[in-house]
Structures are given as C-alpha cells and as structure tokens.
Amino acid sequence: MFKATEGMVLPTTMTGSYPKPNWYTEGLRGRAFKTALGDTLFREQYLDAVATVITDQEMAGLDILTDGDSRFDLEVGGKSWFFYVLERMGGLEGSKSQSPGWSGDFGIRPGHILYEVQEAYQSPIVTGKLTAGQLDYSALWKVAQKMTPNTVKFGTISSQSLTRMMWNEFYPTDKELILDVCDIMNQELRELAASGCKLIQIEEPRHHFMAQDPKTADEDYKFFTEAFNREVKGVDAEIWLHTCWGNPAQQRLVSNPSYERAIPHLFDVDADVITFECAGSGGKDLPLFAGLETTKKIAIGVVNHTNTVVESPDQVAGLVRRALEFVPPERLIISTDCGFGREGISRRIAFHKCVSLVLGTNIVRRELGLPEATVRAADPSFAFSGPNTG
C-alpha cells in the first residue's frame, strides 16, 4: 500500500545513511537508545545531528527524508548496520575473529580494504534461541519525524542479511535461524508502523547477490522470498526493498554485477517499492524493466555512493530520461545508489550529490510539465555576492 508515495510523480529521496557531522563524537556504544538519551552529551549531539541531516535534505529539496542512520556509531566499514541489532539481541555470546562467508564468497584476502573491514566485525556466536532486544525503532523514527512535515523513511537491515554476521552454533539449520530472526524483527516493524511511521525500508535481502552465483536454485529464491514476506507480514506501512552492490567503507562487494536473474524474484516479494543501483553501472540494467507487468514502484539510484565526484544535474537528468523509456513516471522514484555511510564520502560531497539529484530531476519534471521542487541550496538569492550573483 502506498501510504507515503501515493500520487507522487518522480519523488526524490536518498537511501538512508549520511556522513556524521565532525562534532558528533558521542555514540550509543551498546546502550539502548532511550537509555542513552538520559546522557546529556549524547542527547544533545544526537538530536542536533538528526536536525542537521534533516536540514541538509530539505535544503537539497528531497521529498522523502531519512534520519541519516544517526543511531549508528562511527565504526569501521559501517559495522553498526549489523551490530546495532546484534548488540541488543539475546542468544548471542562471544565472537569470532572474522565474519562468516565474506572471504570465501568474495575472494577477499589480506591487503584488500574489505579484509580489514572483515577483521573489525568480530561476529557473535549464536549459542541459544534468539530473543528480541530493545531496538527502539519507534523512538528513533519519532525523533526525526517531529523535526519535519515531510515523510521520514525508516530503514533497517533485513533479517536474512543480519544472519550473515552470525556464527550459528545452536539452530539445526540456517533457515531456522533466519525465520526466528524474521519473527523477532516483524514484531519490531509492526510496532514501528503502529507508532505512525508510513514508510519502512528493508535493506539487502539476498536475492540479487544470490543471482551472481550460478549454483543458486529456484528453491533458494523461494525460501528467501518467503523469509522477506514473513518479516513484513502485517506491517501497516509502505514497504521498500532496498538493493545495492555493497557499501562497507564505500566499497562494492561485486564487480560488474547484474540484476537480470534476480528481477523476477525481487518482484515476487511483498514490497511496494524495489530499489536498484543504477548510477554506478551507467544504467545498464534499465532495459530489464521493459514490459515488466507490476503494480510496484521502482526506485533507481542516480548518484554513486562509492566515489567523490558529484554528478552534474545533466548527468542525473540523462539517467532519469533513460529510466523513463522503460518505467512510467508515476511508478518511478529517484534515489541514491546506496547510503553515503559514515567514514567514506564527506558530508559536503554527500550534500551536493543530493542537490544534483534534485536539480537533475527538476530538469525532467520541467520537460514533463510537472511541478519542480524548491532547492534552497541552489537559490542564487542566498549566495554571497559575486560575478554571477548580481
């Protein structure tokens, strides 16, 4: 159900994470969010950081906002994407000195930046039946939503990706482990939606990565589709499924990937919007949407999170036009390839990528006779005096 984007044509957003302000030096460090708000320094820095992220997005003219994933600590390779949840679940103890799967799956060896990321993760061991912890998703969303009249999207790692960072020494099979995590997360998502959140983004189910392995069978897709659907069952919100090709330390996990084999399975899930990384590939997968019969919306990334070059509005407009050859404007959403992270791209670069995203979309909106977004960051009346400002 389109509780957030109903009737919107070419709405703009960013994926989720945003670079921390340099002065934001506090962190949760394993504490529950609502408990940490009793810490004066953390409370002031966190609330100010979220307000900063919201303001940046509003100045850029984005339609759908995020809290920048400001709950995540500044850790190597975006570790908190996994560990915000892992540190708060019961049934996990100790750790192992590397993450399960990464080296073997992606050919990562010492000397590769992602090997350093893997060493930093120290994955926990499943020693008993997993139990829910205090994730406080509703409180996190409310902090951001009360700062703006615009819709705030709340994003969270999918259960099937989360379990990639666990060493299973309790459940008879990994499938049973995944389904238990789905049930735990489902309850949290139901409470988040009940608190008023209209748009929830579930990040990185395994479909698109599995598609790169020729050994993946249809039964594998079937299970992970059922797992995703179990995770969002009964969640009264607009559901987005986010995909990309990796973001730890602003790196991709796969070179020259393709969505081709995954697309039919991605459109089987109980999500309203599916996101696709397109800027980094120059939109090579866009023709795969030709003739696709679906009521779902498609969000495409038009700026690249893995490099520091700010795309021009004309580049963004060109990719949007290309997408419109295959997706009608009422079903197209304009986004970033992935989040901007916390230790890679600077805040200034991330901000100007968002500005270009909206300016480029405005070019296409103008061509289609659609209303344009106000981009205060690009208003010359706010610029310092100079040869081009009057």
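Quick rundown of the values:
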quantity: So ARG322, is it at pLDDT 95 or above, among the basic types (Lys, Arg), outside any loop (DSSP other than H, G, I, E, B) and in contact with a helix residue (DSSP H, G or I) (Cβ under 7 Å, 6 or more places away or on another chain); calculated: yes
quantity: Residue that is farthest from the chain's Cα centre (by Cα) [pool: residues in the stretch 1-28 that are β-branched (Val, Ile, Thr) and over 15 Å from PHE340 (Cα atoms)]; calculated: THR25
quantity: Among (1) touching a Leu at 6+ places or on another chain (Cβ under 9 Å); (2) among the polar types (S, T, N, Q); (3) part of a helix (DSSP H, G or I) - the single one SER161 does not satisfy; calculated: (1)
quantity: All positions within the stretch 180-197 that are crowded, with 21+ Cβ neighbours inside 10 Å and assigned to a loop (DSSP other than H, G, I, E, B); calculated: CYS197
quantity: Candidates PHE72, PHE82 - the one that is over 30 Å from GLY369 (Cα atoms), in contact with a Ser or Thr (Cβ under 9 Å, 6 or more places away or on another chain) and assigned to a loop (DSSP other than H, G, I, E, B); calculated: PHE72
quantity: Within the stretch 2-31, considering residues that are in contact (Cβ under 8 Å) with a residue 60 or more places away in the chain and aromatic (Phe, Trp, Tyr), the one nearest to GLN57 (Cα to Cα); calculated: TYR18
quantity: Test: residue in the stretch 20-28 that is at pLDDT below 95, under 25 Å from SER158 (Cβ atoms) and buried (at least 16 other Cβ atoms within 10 Å of the Cβ); calculated: yes
quantity: Qualifying residue in the stretch 133-143 (condition: modelled with pLDDT under 95 and over 19 Å from the mean Cα position of the chain (by Cα)); calculated: yes
quantity: Condition check for GLY77: modelled with pLDDT under 95, within 30 Å of VAL303 (Cα to Cα), of a type in the set (Gly, Ala, Ser) and surrounded by fewer than 15 Cβ atoms within 10 Å (Cβ to Cβ); calculated: no
quantity: Flag if GLY77 is on the phi > 0 side of the Ramachandran plot, in contact with a helix residue (DSSP H, G or I) (Cβ under 7 Å, 6 or more places away or on another chain) and assigned to a helix (DSSP H, G or I); calculated: yes
quantity: Every pair of residues 6+ apart whose Cβ atoms lie under 9 Å, when the first sits in the stretch 87-105 and is surrounded by 14 or more Cβ atoms within 10 Å (Cβ to Cβ) while the second is at pLDDT below 80; calculated: TRP102/ILE108
quantity: Residues (in contact with a helix residue (DSSP H, G or I) (Cβ under 8 Å, 6 or more places away or on another chain) and either among the polar types (S, T, N, Q) or surrounded by 18 or more Cβ atoms within 10 Å (Cβ to Cβ) (or both)) located in the stretch 214-229; calculated: THR216, TYR221, PHE224, THR225, ALA227, PHE228
quantity: Test: residue in the stretch 37-60 that is basic (Lys, Arg) and either within 26 Å of GLN145 (Cα to Cα) or in contact (Cβ under 8 Å) with a residue 40 or more places away in the chain (or both); calculated: yes
quantity: Where a residue in the stretch 300-326 is over 17 Å from PRO11 (Cα atoms) and its partner, wherever it lies, is assigned to a helix (DSSP H, G or I) and modelled with pLDDT under 95, with Cβ under 7 Å and at least six apart; calculated: HIS305/GLN250; THR306/GLN250
quantity: Residue satisfying all of: in the stretch 164-179; at pLDDT 95 or above and in a helix (DSSP H, G or I); surrounded by the most Cβ atoms within 10 Å (Cβ to Cβ) among these; calculated: ILE178
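For every residue, the table says whether it meets (1) on the phi > 0 side of the Ramachandran plot; (2) free of Cβ contacts under 8 Å to residues at least 60 places away in the same chain; (3) more than 20 Å from the chain's Cα centre (by Cα).
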{"site": "ASP174", "(1), (2), (3)": "no, yes, yes"}
{"site": "LEU179", "(1), (2), (3)": "no, yes, yes"}
{"site": "ASN186", "(1), (2), (3)": "no, yes, no"}
{"site": "LEU192", "(1), (2), (3)": "no, yes, no"}
{"site": "SER195", "(1), (2), (3)": "no, yes, yes"}
{"site": "LEU199", "(1), (2), (3)": "no, no, no"}
{"site": "ILE202", "(1), (2), (3)": "no, no, no"}
{"site": "ARG206", "(1), (2), (3)": "no, yes, no"}
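Here's the yes/no breakdown for (1) among the polar types (S, T, N, Q); (2) assigned to a loop (DSSP other than H, G, I, E, B); (3) touching a Ser or Thr at 6+ places or on another chain (Cβ under 9 Å); (4) surrounded by fewer than 24 Cβ atoms within 10 Å (Cβ to Cβ):
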position	(1), (2), (3), (4)
PRO264	no, no, no, yes
ALA279	no, yes, yes, no
LYS284	no, yes, yes, yes
HIS305	no, yes, yes, no
GLY339	no, yes, yes, no
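The values are calculated or read from the model by the stated rules, or taken from the named source; none is laboratory data. Source: prediction; values computed, not measured. Here the Cβ is made from the backbone with ideal geometry for all residues, glycine too, and neighbour counts use every protein chain on show.
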